[in-house]
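Colleague: Here it is: the structure, laid out below.
The values are calculated or read from the model by the stated rules, or taken from the named source; none is laboratory data. The structure presented is a predicted model; accordingly, all values stated were derived computationally and were not measured. FYI the Cβ positions are ideal-geometry reconstructions off the backbone, even for glycines, and counts take in every protein chain you see. Areas reflect the complete protein model, heavy atoms only, side chains present, ligands, DNA and RNA absent. Shrake-Rupley method; radii C 1.70, N 1.55, O 1.52, S 1.80 Å.
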Amino acid sequence: MASVFTTFLLTGMLLCGVLLQTLSQNRARVDNRPNFIIILADDIGWGDLDTNQVDLKANNTPYLNLMAEQGLRLTDFHSPASTCSPSRAAILTGRYGLRNGVTHNFAVRSVAGLPLSEFTMPRLLQQSGYYTAMIGKWHLGHNGPYSPTNRGFDDYLGIPYSNDMGCTDKPGYNFPQCLPCDSSGPQVIRLKRRIHEGCYSSVGLPLFENSSIVEQPLDLWTLTERYTSAATRIIHNARERGQPYLLYMALAHMHVPLAPPVLPDARRTGDGSVYGASLREMDSLVGAVKSASDDADQNNTLIWFTGDNGPWEKKCQYAGSVGPFVGKWQTSRGGGSAKRTTWEGGHRVPTVAYWPGKIPANTTNSALLSGMDIFPTLLSLAGVSPPTDRRYDGIDATNVLLRGEQTGHEFLFHPNSGAAGTFGDLQTVRTGKHKAFYITGAAESCGGGTGTQQLHDPPLIFNLEHDEAEETALDTGTPEYRALADRIARRREELLWDIATDTSVSMGDYSADESAVPCCDPTQAVCRCHPPGRAWELPGSHKD
């Protein structure tokens, strides 16, 4: 009898062991919905991706080249705006700035941010069971309810705005060059000591972990290593928990380049320039994230790389390449045609999507798409329905990504972003191969020149298929022009009426106050603080 009991007990223990092992093995498959990694590069040009300009053989983006070879290159993809905050707001809400309330950049002294009435992609995914994390530049409000962890992210590590909107002890490369933090006198939070536009010396650039400042001023030169470690940890932690995740990485490497003197010798390849070295540094981060994702859950993770706007041309040798999209009509009349403008160089950005087993390898697609499309596409892939009480401008690009369909936007509008007109107004329209301008204007060029704002009635229309440099507008007297102009005008009037009657339109708050400046210790010069005794923690560590 005892022998039978012992056999029964051992059999039961064995079965329990097998069951526990099976449960452990299946732990990562508790929720089989796909993971998402969105990588948004700051101020990157369409021509900065090597595979967009293979003849140059720059070799600045080897990891992105590999990702494109193993995935999909989207050649007619556009940032939702040509400057930072509006582009990011549109990506996270799927709505034009005239709807979501963000039409221009928030500042260091900004009290508010992306209106609280807006639903964000991370919030909707979070509510459906996703773990959500963000690494990098936020620029949608850094105070209280406007911060990342209050807008749908479980964890956050990064800087609240651009990396030249606060001083550092070892500044990145800039034109003109920013000075190091001035720590000689007492702290004054007033932001009056600006060396030039976007360059401050009185308040240190802060590094946030969730809602706390963990370093001020931060060390820009360590960010790549920190971001890489955090991203790797987030990816593997989510895998261990068996929970799908969204990782949003907003990389500011190109906004203020970090250059060869502090980069390892092995990375001093590429085209040999300061900007090229910074591009390669960012590319190495992308490669590390891809490698971690491939190791953890390769066949169930979509990686989507794109940019927030085109190069900042006024930065001269520290700006990227627009490729063939040089905006000749504008540059021949003075000024620049990249960031802040609605010329192609301002918003056509390098874009790669990678998902082994789902996205066919080594493919390209010329569908007309926008960063606003990320919102509906990810929600669709996750099986999440967006709120029905508002109107959206992004389209679900699932069939473009997974099935190679060429159908994108029939009409895509490019908002004014600082070079001409009122911020956010939709005065540039793309349909098919044609692009119409109701207003033109130039951003500051490398030499400091600016063009004159001009209104166009009837609009200038370019055929991008034959004139990607936007040099010669169509003859207004042709039947082709008149038919196009009429069709574009009707659609523009329809959209403006749709926005005017949209009850879900949010109103942006751009009020500013000195008390809104992030400062971990107002008693110290430049708000300097490196909390003693605190080990730097990786986001997601408390989720283990």
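Colleague: Those residues that are assigned to a helix (DSSP H, G or I) and either without any contact (Cβ under 8 Å) to a residue 60 or more places away in the chain or surrounded by fewer than 21 Cβ atoms within 10 Å (Cβ to Cβ) (or both), I need them from the stretch 81-123; list them, please.
Modeller: Passing the criteria: 85, 89, 123.
Colleague: Further question on the same structure: Out of everything in the stretch 343-384 that is among the charged types (D, E, K, R) and buried (at least 22 other Cβ atoms within 10 Å of the Cβ), what residue ends up being farthest from residue 324 (Cα to Cα)?
Modeller: By that ranking, first place goes to 373.
Colleague: Every residue in the stretch 415-473 that is open to solvent by 20 Å² or more (accessible area, probe 1.4 Å), within 13 Å of residue 340 (Cα to Cα) and among the hydrophobic types (A, V, I, L, M, F, W, C), please.
Modeller: If the condition is that a residue be open to solvent by 20 Å² or more (accessible area, probe 1.4 Å), within 13 Å of residue 340 (Cα to Cα) and among the hydrophobic types (A, V, I, L, M, F, W, C), then 419, 423 are the ones that fit.
Colleague: Could you tell me how many of the residues in the stretch 532-544 are open to solvent by 50 Å² or more (accessible area, probe 1.4 Å) and either at pLDDT 95 or above or in contact with a strand residue (DSSP E or B) (Cβ under 9 Å, 6 or more places away or on another chain) (or both)?
Modeller: So the answer is 5.
Colleague: Could you please find all residues in the stretch 385-394 being of a type outside the set (Ser, Thr, Tyr) and surrounded by fewer than 17 Cβ atoms within 10 Å (Cβ to Cβ)?
Modeller: 387, 389, 391
Colleague: Which is touching a Gly at 6+ places or on another chain (Cβ under 6 Å) and of a type in the set (Gly, Ala, Ser), of 101, 129?
Modeller: Unique residue meeting the criteria: 101.
Colleague: How many residues are assigned to a loop (DSSP other than H, G, I, E, B) and modelled with pLDDT of 95 or more if we restrict to the stretch 130-160?
Modeller: Counting residues in the stretch 130-160 that are assigned to a loop (DSSP other than H, G, I, E, B) and modelled with pLDDT of 95 or more gives 14.
Colleague: Moving on. Are there any pairs with C-beta distances below 7 angstrom linking a residue in the stretch 290-315 that is at pLDDT 95 or above to a residue that is among the β-branched types (Val, Ile, Thr) and surrounded by fewer than 19 Cβ atoms within 10 Å (Cβ to Cβ), with the two at least 6 apart or on different chains, and if so which?
Modeller: What qualifies is 292/232.
Colleague: Can you tell me which residues in the stretch 288-318 are open to solvent by 20 Å² or more (accessible area, probe 1.4 Å) and outside any helix (DSSP H, G or I)?
Modeller: 312
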